[in-house]
Amino acid sequence: MYGRTKLEGEREVGKGWIIRSSWLFGWTGKNFVRTMLALAEQQDEVSVVGDQRGSPTYVGHLAQATKELISMPHGLYHVAAEGDCTWAEFAEAIFDEAGLTCRVRRITTQELGRPAPRPANSVLRSEHPDAPRLPHWREGLRAALDRLG
């Protein structure tokens with residue numbers, strides 16, 4: 001359902017730029033990085049899905065890439081950070097980079113029990129030769145943590 005509604009929205013854009021990205025995070029708003037940091041303040045261990053892979057993308061890097069894209073021809077662009085990981089690996093990296101000792105207990109998507117199904121692999125890569133390339137997600141994580149200070 002999620003994919004179908006996204007596609008319908010993209011068809012409505014018509015002539016313009018469509019930028020697809022993945023697993024967005026930053027220093028503001030509700031996102032995985034901020035959620036994990038908050039949970040680490042409250043508990044010694046968090047349960048995180050270890051069977052879904054994606055490309056965590058820092059919004060600061062995506063914003064810069066978007067500035068570049070609007071000078072390019074209209075079209076569909078995939079723009080996500082280099083590298084990929086599972087949600088559990090991402091949580092471990094967050095705690096590592098932030099110097100926190102919170103443990104990550106890996107669980108399955110089924111154990112999480114979300115009502116909407118999620119793909120096991122949502123790694124996003126650009127095949128458009130002119131699309132901007134973003135730094136590795138770990139660089140984005142460090143930049144977000146620096147902004148959170």
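Taking a Cβ cut-off of under 14 Å around Glu10, the surrounding Lys, Arg, Asp and Glu residues balance to a net charge of +3, with basic ones at +1 and acidic ones at -1. Electrostatic tally near Arg133: other residues with Cβ closer than 13 Å to its Cβ, Lys and Arg +1, Asp and Glu -1, net -4. Please say if the range 78-149 is rounded, prolate or oblate, where rounded means a/c under 1.5 for a ≥ b ≥ c the square roots of the C-alpha gyration tensor eigenvalues, and otherwise the choice is prolate for a/b larger than b/c and oblate otherwise? Cα axes put the range 78-149 in the oblate bin. What is the sum of charges, Lys and Arg at +1 and Asp and Glu at -1, for the other residues whose Cβ falls under 12 Å from the Cβ of Gly60? Overall, the nearby charge balance is +1.
Once label points are set 7 Å from the Cα along Cα→Cβ at both Thr101 and Arg4, what is their separation, rounded to one decimal in nm? Simple spin-label model gives 5.0 nm for this pair. Taking Cα atoms only, the orientation of helix 87-98 departs from the longest principal axis of the chain by about 70 degrees. For the options Pro132, Pro56, Pro73, a Gaussian network treatment of the chain with springs between C-alpha atoms closer than 10 Å singles out Pro73 as fluctuating the most. Mean residue ellipticity, 222 nm, helices only, the chain: the sum of -39500 (n - 2.57) across DSSP H runs of n ≥ 4, divided by residue count and rounded to 500, is -12500 deg cm²/dmol.
Per residue, the chain exposes 61 Å² of accessible surface when a 1.4 Å probe is rolled over the protein heavy atoms with every protein chain present.
Note on the range 1-41: with neighbouring protein chains present and a 1.4 Å probe, carbon and sulfur make up 55 percent of its accessible heavy-atom surface. Helix 137-148 and the longest principal axis of the Cα set of the chain meet at an angle near 70°. Taking every Cα-Cα distance in the range 89-128 and sorting them into 5 Å bins starting at zero, the pair-distance distribution P(r) comes out as 5, 17, 17, 17, 18, 16, 8, 2, 0 percent.
A value for Kirkwood radius over Cα pairs in Å was derived from the coordinates, and within the list (1) 18.7; (2) 16.5; (3) 15.3 it appears as (2).
Between Ala38 and Glu68, the C-beta separation translates, for a Förster distance of 41 Å, into a calculated FRET efficiency of about 0.80.
The values are calculated or read from the model by the stated rules, or taken from the named source; none is laboratory data. In this text, all values refer to a predicted model and were calculated from it rather than measured experimentally. Positions of Cβ are backbone-derived with ideal geometry, glycine not excepted, and every protein chain shown enters the neighbour counts. Keep in mind that these areas ignore ligands, DNA and RNA; they rest on the heavy atoms of the full protein, side chains included. Shrake-Rupley method; radii C 1.70, N 1.55, O 1.52, S 1.80 Å.
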